[in-house]
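Notes follow the structure.
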Amino acid sequence: MARLACAEAEGPERRVTLKERLIRLIETGGPIPVSTYMQLCLHDTAQGYYATRPGIGKDFITAPEISQIFGELIGLWLVHEWKALGSPDEIRIVEIGPGRGVLMQDALRLAMVAGGEDFARAMRVTLVEPAPAMREIQREALAAAQPDFAATLAEVPAGPMLLVANEYLDCLPARQFRKDGNGWRECVIGLDADNGLVFGLAADEQAAPEGAAETSAVVEVQTGLDILLADLVTRPDPFRALFVDYGPSDVAPGDSLRSYKDGQQVSPLALPGESDLTVDVDFGRLARLARKIGLDVAGPAPQGMFLLGLGAQARLNQLVKANPDDAEAMFNAAQRLIDPKDMGERFKAICLSSSGLPTPAGF
């Protein structure tokens with residue numbers, strides 16, 4: 001043991017992994033909720049997945065990466081809703097979780113055409129991105145728009161706002177509850193006999209979680225939805241916030257926690273901080289909470305119907321006509337977004353707005 005300790009001391013200092021940090025946390029304070037595990041694995045500023053291993057196109061792929069049509073239609077939506085807000089002289093265009101900036105690139109390309117010089121003069125682009133490495137990628141991709149950055153939605157400057165977030169809600173940490181006999185217990189993560197991470201149940205029983213039905217065995221509750229809505233409702237100026245993600249329209253998700261690495265599904269406990277974690281979004285709860293605090297709600301609507309309502313077929317026809325050699329690839333990519341058997345039904349669009357605005361485009 002003495003020789004080993006000496007050898008380690010002479011070599012470069014080894015960095016403690018996120019998994020080791022989690023084990024120490026559990027050893028010290030006991031099992032942790034699933035939501036705490038998700039928060040650390042995804043959003044830890046030093047070793048979290050989104051801070052250190054942006055996996056778009058590797059661990060997972062999103063709609064803007066599949067087809068330019070997705071982002072371009074969002075650009076048309078932005079111009080339409082800017083006009084619905086009264087064409088203010090300054091409009092804050094915000095994206096949460098902008099990834100490599102592909103969605104906003106495509107959106108602004110068509111928005112500049114549809115909105116003309118008036119829209120170009122009015123827009124101020126803000127990207128909600130806490131990770132410094134990702135900010136550099138986004139700053140380069142969107143250099144022409146000169147974006148500014150915020151770490152959270154609460155930091156976005158005041159003023160009329162149009163917000164877009166694609167596949168952001170699914171990474172908000174979820175508490176998970178499991179029925180145990182006649183009661184409910186929160187799902188937690190502890191340690192097994194070999195000091196490995198393992199799922200378990202908290203010792204104390206509690207009341208049935210929100211959204212639990214008589215037949216429910218497991219229910220997930222994303223507490224981050226409450227924080228998101230609080231940040232929206234406290235804005236003094238008119239806004240619309242468009243979210244596109246996957247999940248059921250009107251029932252609470254059960255056990256939907258999944259993890260992906262290199263395009264393959266892996267155990268959520270296998271590679272903390274090194275693999276993507278995701279849960280289904282409870283759109284029904286989001287809509288109920290938003291209405292309760294006075295926001296207008298449109299949707300949730302299936303992604304396919306939403307995109308078709310914005311003119312997906314017409315845009316596809318334009319692209320195919322201009323690029324006939326790529327027609328089949330373009331059609332197949334667009335089909336993935338719209339087909340109910342693919343992303344068209346499982347993914348939903350929902351728009352939250354300050355009160356008194358007309359129904360948003362696509363709904």
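The values are calculated or read from the model by the stated rules, or taken from the named source; none is laboratory data. In this text the structure is predicted, and so the values were computed from the model without any measurement. Here Cβ is always computed from backbone atoms with ideal geometry, including for glycine, and neighbour counts include all displayed protein chains. What goes into the accessible areas is simple: the full protein's heavy atoms, side chains included, and nothing from ligands, DNA or RNA. Shrake-Rupley method; radii C 1.70, N 1.55, O 1.52, S 1.80 Å.
How big is region 213-363 on each of its three principal axes, counting only the C-alpha atoms and giving the largest first in Å?
Computed over the Cα atoms, the extents are 50, 47, 32 Å.
Nearest 20 debye, what's the magnitude of the dipole of region 235-338 about its Cα centre given +1 on Lys and Arg Cβ and -1 on Asp and Glu Cβ?
460
Which value, in debye to the nearest 20, describes the size of the charge dipole of the chain about its Cα centre when Lys and Arg Cβ atoms bear +1, Asp and Glu Cβ atoms bear -1, and nothing else is charged? Could you put the intermediate results ahead of the total?
Working: 34 positive and 50 negative charges, 66 e Å.
Dipole size: approximately 320 debye.
Compute the convex hull volume of the Cα atoms of region 252-337, divide it by the residue count, and report the result per residue in Å³ as a whole number.
On the way: hull volume 13.6 nm³, N = 86.
Hull volume over Cα atoms, normalised by residue count, gives 158 Å³.
Hey, which aspartates and glutamates would be in cross-link range of residue 292, C-alpha to C-alpha under 14 Å, not counting anything within fewer than 8 residues on its own chain?
226
For region 242-363, what % of the accessible area comes from carbon and sulfur atoms, probe 1.4 Å? Intermediate values should be presented prior to the final figure.
Working: 2780 of 5500 Å².
Of the solvent-accessible surface of region 242-363, carbon and sulfur hold 51 percent.
Among 135, 14, 109, which one moves the most in a GNM of the chain with springs linking Cα atoms closer than 10 Å?
Looking only at 135, 14, 109, the biggest GNM fluctuation is shown by 14.
Leaving ligands, DNA and RNA out of it, rank 45, 223, 278 by accessible area with a 1.4 Å probe, largest first. Mind showing how you got there, number by number?
Details: 45 125, 223 65, 278 0 Å².
Putting 45, 223, 278 in descending order of accessible area: 45, 223, 278.
Mind checking the angle between helix 132-141 and the chain's longest principal axis? C-alpha axes, 0 to 90 degrees, to the nearest 10.
Here the helix axis deviates by roughly 20 degrees.
Charges at C-beta only: +1 for Lys and Arg, -1 for Asp and Glu. How large is the resulting dipole of region 53-166 about its Cα centre, in Debye rounded to 20? Walk me through the numbers before you get to the answer.
On the way: 10 positive and 15 negative charges, 32 e Å.
For this selection, approximately 160 debye.
Using the beta-carbon distance between residue 118 and residue 195 and R0 = 51 Å, what value does 1/(1 + (r/R0)^6) give for FRET efficiency, to the nearest 0.05?
On the way: r = 62 Å, r/R0 = 1.22.
Taking R0 as 51 Å, the efficiency between residue 118 and residue 195 is 0.25.
Normalise the Cα radius of gyration of the chain by 2.2 N^0.38 Å (N = residues in it) and let me know the number. Don't skip to the end; give the middle numbers.
On the way: Rg = 22.1 Å, N = 363, 2.2 N^0.38 = 20.7 Å.
Against the empirical 2.2 N^0.38 Å value, I get 1.07 for the chain.
By how many nm would the segment from residue 140 to residue 23 lengthen if fully extended, with 0.36 nm per residue of separation less the alpha-carbon distance? Don't skip to the end; give the middle numbers.
Numbers: separation 117, 0.36 × 117 = 42.12 nm, distance 3.80 nm.
Residue separation times 0.36 nm, minus the Cα-Cα distance, leaves 38.3 nm.
What accessible area per residue, rounded to a whole number of Å², is obtained for the chain using a probe radius of 1.4 Å? Mind dumping the intermediate values first?
Values: 16920 Å² over 363 residues.
Value returned for the chain: 47 Å² of accessible area per residue.
Would you mind checking the tilt of helix 68-84 against the longest principal axis of the Cα atoms of the chain, expressed as 0 to 90 degrees and rounded to 10?
70
Using the beta-carbon distance between residue 223 and residue 89 and R0 = 41 Å, what value does 1/(1 + (r/R0)^6) give for FRET efficiency, to the nearest 0.05? Could you put the intermediate results ahead of the total?
Working: r = 37 Å, r/R0 = 0.91.
Step by step, r from the Cβ atoms, then E = 0.65.
Could you work out the helix-only [θ] at 222 nm for the chain, with each DSSP H run of four or more residues adding -39,500 (n - 2.57) and the total divided by the number of residues, to the nearest 500 deg cm²/dmol?
-11500 deg cm²/dmol
So what is the relative contact order of the chain, in percent, for Cα pairs below 8 Å that sit 6 or more residues apart?
So the answer I get is 19 percent.
What is the gain in length, in nm to one decimal, between residue 313 and residue 61 on full extension, counting 0.36 nm per residue of separation less the C-alpha to C-alpha distance? Present the calculation step by step, with values, prior to reporting the outcome.
Working: separation 252, 0.36 × 252 = 90.72 nm, distance 2.22 nm.
That works out to 88.5 nm of additional length.
Any idea which of 340, 317, 32 is furthest toward the positive side of the dipole for the chain, if Lys and Arg beta-carbons carry +1 and Asp and Glu beta-carbons -1?
Toward the positive end, the furthest listed residue is 317.
At a 1.4 Å probe radius, carbon and sulfur cover how many percent of the accessible area of region 163-230? Kindly include the intermediate steps, with their values, before the conclusion.
On the way: 1500 of 3060 Å².
Percent of accessible area from carbon and sulfur atoms in region 163-230: 49.
Among 91, 51, 127, pick out the residue whose Cα is farthest towards the positive end of the charge dipole of region 46-138, where Lys and Arg carry +1 and Asp and Glu carry -1 on C-beta, about the Cα centre.
51
Excluding residues fewer than 8 places away in the same chain, name every one of the aspartates and glutamates whose C-alpha is closer than 12 Å to that of residue 261.
Excluding near neighbours in sequence, the set is 59, 274, 276.
Along the positive direction of the dipole of the chain (beta-carbon charges: Lys, Arg +1; Asp, Glu -1; about the Cα centre), which of 219, 305, 203 reaches farthest?
305
With a Förster radius of 25 Å, plug the Cβ-Cβ distance of residue 255 and residue 43 into 1/(1 + (r/R0)^6) and report the FRET value to the nearest 0.05.
Values: r = 21 Å, r/R0 = 0.86.
Computed FRET efficiency for residue 255 and residue 43: 0.70.
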